[in-house]
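The values are calculated or read from the model by the stated rules, or taken from the named source; none is laboratory data. Note that the structure is a prediction, hence the values are computed from the model and not measured. So basically every Cβ, Gly included, is an ideal-geometry build from the backbone, and we count neighbours across all protein chains shown. The area values use the complete protein model at the heavy-atom level, side chains included, leaving out ligands, DNA and RNA. Shrake-Rupley method; radii C 1.70, N 1.55, O 1.52, S 1.80 Å.
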Amino acid sequence: MIDISISEFLSLPESEKITHIKGQAVLYAQQFDREQLDYLCELSDACRKLRKSKDGADFMATLLSDKTALNFFVQPSSRTFLSFNMAQSILGMRRMSLRDAKISSISKGETLADSIRTFLSYVDMIIMRHSDADAGALAYWIAAKSHRSELVNGKKVPLPIISGGSGTKQHPTQSLLDIYTLEKSLEEVGGIDGKKIMLVGDLKRGRTVRSLSYLMKNYKDVELYFAAPEVYQMEEDILQFCDDNGIKYKKIDSIKEGLEEVDAVYMTRIQDEWDGLGAGAGHVKASDAFTFKKEYLDLMKPHCCLMHPLPKRDEIDVELDYIDDKRIVYWRQERNGMWMRVALIAKLFGVDKDIIARLAETE
Ligand code: NCD
């Protein structure tokens with residue numbers, strides 16, 4: 001199902017890899033267009049509503065009961081791992097996980113390619129979080145070469161591969177749930193089009209903010225405010241992408257500088273696991289200008305939402321965690337992630353229409 005060699009495929013830029021993938025794997029945020037994003041948000045809402053009743057939940061759990069997923073997460077994860085597990089469970093999938101490369105055959109010297117080929121002998125889908133930005137592309141190529149395939153809407157397609165975070169570069173499903181959260185939070189003021197969104201923290205190595213920036217190509221007149229110290233500022237490739245796709249942006253030197261103007265603030269932690277010292281070796285503190293303080297709530301617009309992909313550390317005042325203010329959405333955001341992942345998996349296996357139809361019957 002793929003006619004170029006692995007080395008040729010891996011050497012292609014993301015924009016060209018996407019043309020081969022044709023939506024059959026989820027590896028890059030740029031692969032989504034507006035129509036797909038709107039549909040996935042609508043489908044997430046439908047999944048959420050349908051599962052409220054016991055009857056709806058039982059129905060959903062039959063949809064993929066003949067499928068098995070492997071959650072291959074060899075980098076730390078709580079939310080992405082758990083929400084994918086829960087999403088699979090909602091759809092009735094069987095699940096296996098591999099979370100530690102040290103106790104897999106990779107530690108015996110097996111190549112990642114051979115490991116993936118092995119996984120695809122047993123399971124029907126792989127969700128993977130890996131430090132190598134190209135691991136997902138490698139897995140897609142192997143899936144596309146495999147004699148095993150899925151029949152989706154009458155068409156033979158490779159077994160689905162979904163990135164649950166690839167190196168410092170991409171976290172496509174996080175950006176999908178971020179879009180869902182933004183659309184819901186900004187619903188009363190016309191959604192994402194025309195809005196100003198501030199991204200704060202480690203923009204250089206934060207895969208969430210990179211993926212979210214890519215998705216902004218789908219919305220009209222969005223302006224991004226990149227709030228970071230120079231060492232953590234957004235990388236040139238994303239700035240170039242913004243220029244090429246009509247996404248306005250400006251770099252700012254503190255949260256306060258843009259706070260009164262923006263419609264959403266997206267906080268991130270310093271990604272110091274990439275400093276070469278290993279995870280948890282020494283947490284770098286967020287500097288004062290990029291820490292969200294409790295009194296900042298008074299400066300935010302009435303509809304402005306405060307987001308964070310989590311985990312967070314000291315970049316948000318802990319006092320905000322239990323304040324009853326509907327603008328603080330980061331805990332809701334993590335729950336939205338589960339529904340978006342249900343929607344995405346349902347779509348990839350072509351059972352999305354069954355969910356929409358069943359909901360229509362019950363309403
Ligand atoms: C993010 C990640 O892994 O990139 N976490 C997540 O998936 N929600 C953000 C982070 O680790 O800072």
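Just flag the trypsin sites (Lys or Arg not before Pro) in the range 118-187 sitting in loop per DSSP whose Cβ has no more than 14 other Cβ atoms within 10 Å.
Values: sites: ARG129, LYS145, ARG148, LYS155, LYS156, LYS169, LYS184; in loops: ARG148, LYS169.
Of the trypsin sites (Lys or Arg not before Pro), the ones in loops of the range 118-187 whose Cβ has at most 14 other Cβ atoms within 10 Å are ARG148.
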Taking every DSSP bridge whose two residues both lie in the range 101-212, the antiparallel percent to the nearest 5 is 55
What shape does the range 216-279 have by the C-alpha gyration tensor, where a ≥ b ≥ c are the square roots of the eigenvalues, rounded means a/c under 1.5, and otherwise prolate means a/b greater than b/c and oblate the rest? oblate
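Taking a ≥ b ≥ c as the square roots of the Cα gyration tensor eigenvalues, with a/c under 1.5 meaning rounded and otherwise prolate when a/b beats b/c, else oblate, which class fits the range 173-327? Intermediate values should be presented prior to the final figure.
On the way: a/c = 1.62, a/b = 1.12, b/c = 1.44.
Oblate, since a/c reaches 1.5 and b/c is not below a/b.
Considering only protein heavy atoms, what per residue accessible area in square angstrom results for the chain with a 1.4 angstrom probe? Kindly include the intermediate steps, with their values, before the conclusion.
On the way: 15760 Å² over 363 residues.
Value returned for the chain: 43 Å² of accessible area per residue.
Given a 1.4 angstrom probe, I'd like the percentage of the accessible area of the range 173-327 that is carbon and sulfur, rounded to a whole number. Walk me through the numbers on the way to the answer.
Working: 3100 of 6540 Å².
In the range 173-327, the share of accessible area belonging to carbon and sulfur is 47 percent.
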Hey, in the GNM for the chain with a 10 angstrom Cα cutoff, which one of THR68, THR268, THR208 fluctuates hardest? THR68
Please name whichever of GLN233, TYR39, VAL318 sits farthest to the positive end of the charge dipole of the chain, dipole taken about the Cα centre and charges placed at Cβ: Lys and Arg +1, Asp and Glu -1. TYR39
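Would you please classify the overall shape of the range 117-235 from the alpha carbon gyration tensor, given that a ≥ b ≥ c denote the square roots of the eigenvalues, rounded means a/c under 1.5, and beyond that prolate means a/b larger than b/c while oblate covers the rest? Numbers along the way, then the final one.
Values: a/c = 3.36, a/b = 1.68, b/c = 2.00.
Oblate.
Can you show me the helix-derived [θ] at 222 nm for the chain, built from DSSP H runs with n ≥ 4 at -39,500 (n - 2.57) apiece and divided by the number of residues, rounded to the nearest 500. Please list the in-between numbers first.
On the way: 13 runs with 142 residues, N = 363.
Rounded to the nearest 500, it is -12000 deg cm²/dmol.
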Of the listed pairs LYS251/LYS294; LYS102/LYS285; LYS195/LYS256; LYS52/LYS293; LYS195/LYS294, those with alpha carbons more than 26 Å apart are LYS102/LYS285; LYS52/LYS293
With label points set 7 Å from each Cα along the Cα-to-Cβ direction at TYR322 and ARG117, the distance between them in nm comes to 5.5
Past the 27 angstrom mark, what percentage of all C-alpha to C-alpha distances in the chain do you count? 47
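Nearest 5 is fine: what % of DSSP beta bridges in the chain come out antiparallel, could you say? Walk me through the numbers on the way to the answer.
On the way: 5 of 39 bridges.
For the chain, the DSSP antiparallel bridge percentage is about 15.
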Take the alpha-carbon centre of the range 322-363, take the same for the range 42-120, and report the distance between them in whole Å. 16
